[in-house]
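Worksheet: one structure, shown below.
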Amino acid sequence: MRQPLVIANWKMHGKRAFNQALVEAFLGLLEEHRAECVLCPPFAYLGQLAELLRSSDVMLGGQDCSHIAEGAYTGEVSAEMLDDCGCQWVIVGHSERRQYHQESDALVAAKLSMAQRAGLTPVLCVGETQEQRETGEAQDVVKAQLLGALGDLPDLQGLAIAYEPVWAIGTGLTASPEQAQDMHAFIRDVVTGLDATHASGLRLLYGGSVKAGNAAELFAQADIDGALVGGASLDAEAFAAIVCAA
Ligand code: PEP
């Protein structure tokens with residue numbers, strides 16, 4: 001039995017006053033829930049959120065980490081630093097990092113291994129573009145991303161995977177529950193080929209315009225174990241409803 005997992009990706013949004021109001025409202029609205037829940041604010045606010053979440057069961061995560069442990073790399077934040085700031089999780093390979101920062105599968109693999117070495121649980125993001133879906137390449141693209149990032153790992157313990165079709169991120173377009181389930185089942189098949197022991201326990205999250213109104217039908221699918229939520233995680237009521245639906 002896989003425990004549901006819901007992760008908020010705030011992206012580059014937030015200010016101290018806004019963050020405090022959002023987190024306090026969210027914690028106040030959060031009813032009894034089965035899901036584990038993680039908030040990933042911008043790096044600048046990790047310390048503030050660590051304080052705000054101190055007496056809750058909501059965990060903290062980074063939106064990215066460096067592929068290098070330490071050194072003269074201006075602007076980089078290491079996985080160990082995230083751990084030191086109270087993070088238990090880190091997102092790696094988000095499509096916005098792949099698109100705007102040219103992150104390759106090899107770089108994502110190096111980040112993933114840094115995250116695991118620091119004791120963090122990485123959430124590997126994969127997903128195809130609209131054009132790749134239209135030309136029938138979606139599965140090939142996702143498989144290449146999975147093999148490129150996970151191929152060298154000794155096993156798949158201590159990891160989650162988020163399927164985020166690029167065409168559904170921040171667009172208001174959501175994959176239908178059937179489209180998402182088909183890809184999740186495919187991902188589970190691919191990871192079974194890498195590590196048959198742990199694949200059935202691996203949590204697969206869906207991401208792409210998840211809202212309070214579509215979360216329950218997505219979570220009802222056999223291989224959808226939760227969500228990675230962008231826009232709706234900046235709304236306390238919507239995000240609390242999504243966590244409670246999981
Ligand atoms: C994301 O950024 O990972 C995401 C899924 O965004 P949104 O929910 O806004 O589509």
(Q) Classify the range 148-246 from the C-alpha gyration tensor, please: rounded if a/c falls under 1.5, else prolate or oblate depending on whether a/b exceeds b/c. (A) prolate
**Q.** Simple Cβ-charge dipole of the range 5-245, Lys/Arg +1 and Asp/Glu -1, about Cα centre, in debye nearest 20
**A.** 400
Q | Neighbour-limited loop hits for chymotrypsin sites (Phe, Trp or Tyr not before Pro), the range 70-175 (at most 13 other Cβ within 10 Å; DSSP other than H, G, I, E, B) | A | Tyr73
Q: Towards the positive end of the charge dipole of the chain, with charges on Cβ (+1 Lys, Arg; -1 Asp, Glu), say which of Leu147, Ser55, Leu218 has the farthest Cα.
A: Ser55
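To the nearest 20 debye, what is the magnitude of the charge dipole of the range 1-145 about its Cα centre, counting +1 on the Cβ of each Lys and Arg and -1 on the Cβ of each Asp and Glu?
Working: 12 positive and 20 negative charges, 30 e Å.
Here the size comes out at about 140 debye.
Assuming 0.36 nm per residue, please report the length gained on full extension of the stretch His13 to Thr129 beyond their Cα-Cα distance. Spell out each step's value before the answer.
Values: separation 116, 0.36 × 116 = 41.76 nm, distance 2.39 nm.
So the chain would gain 39.4 nm between His13 and Thr129.
Ala25 to Ser176: extension gain in nm, 0.36 nm per residue of separation minus the Cα-Cα distance? List each step's numbers first, then the result.
On the way: separation 151, 0.36 × 151 = 54.36 nm, distance 3.00 nm.
The span from Ala25 to Ser176 would gain 51.4 nm if fully extended.
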Q: Mind telling me which of Asp195, Asp225, Asp57 comes out most flexible in a GNM of the chain, alpha-carbon contacts under 10 Å?
A: Asp57
**Q.** Rg and Dmax [Cα atoms of the chain; Å; Rg one decimal, Dmax integer]
**A.** 16.7, 49
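For Ala185 and Glu76, FRET efficiency with R0 = 51 Å and r from the beta-carbon atoms, rounded to 0.05?
On the way: r = 36 Å, r/R0 = 0.71.
Calculated value: 0.90.
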**Q.** Pair Ala44, Leu147: separation of 7 Å Cα→Cβ label points (nm)
**A.** 4.2
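Every number in this text was worked out from the coordinates using simple rules, so none of it is lab data. Just so it is clear, the structure is predicted and the values come from calculations on it, not from any experiment. When we count neighbours, we look across all protein chains shown, and the Cβ atoms used for this are built from the backbone with ideal geometry, even at glycine.
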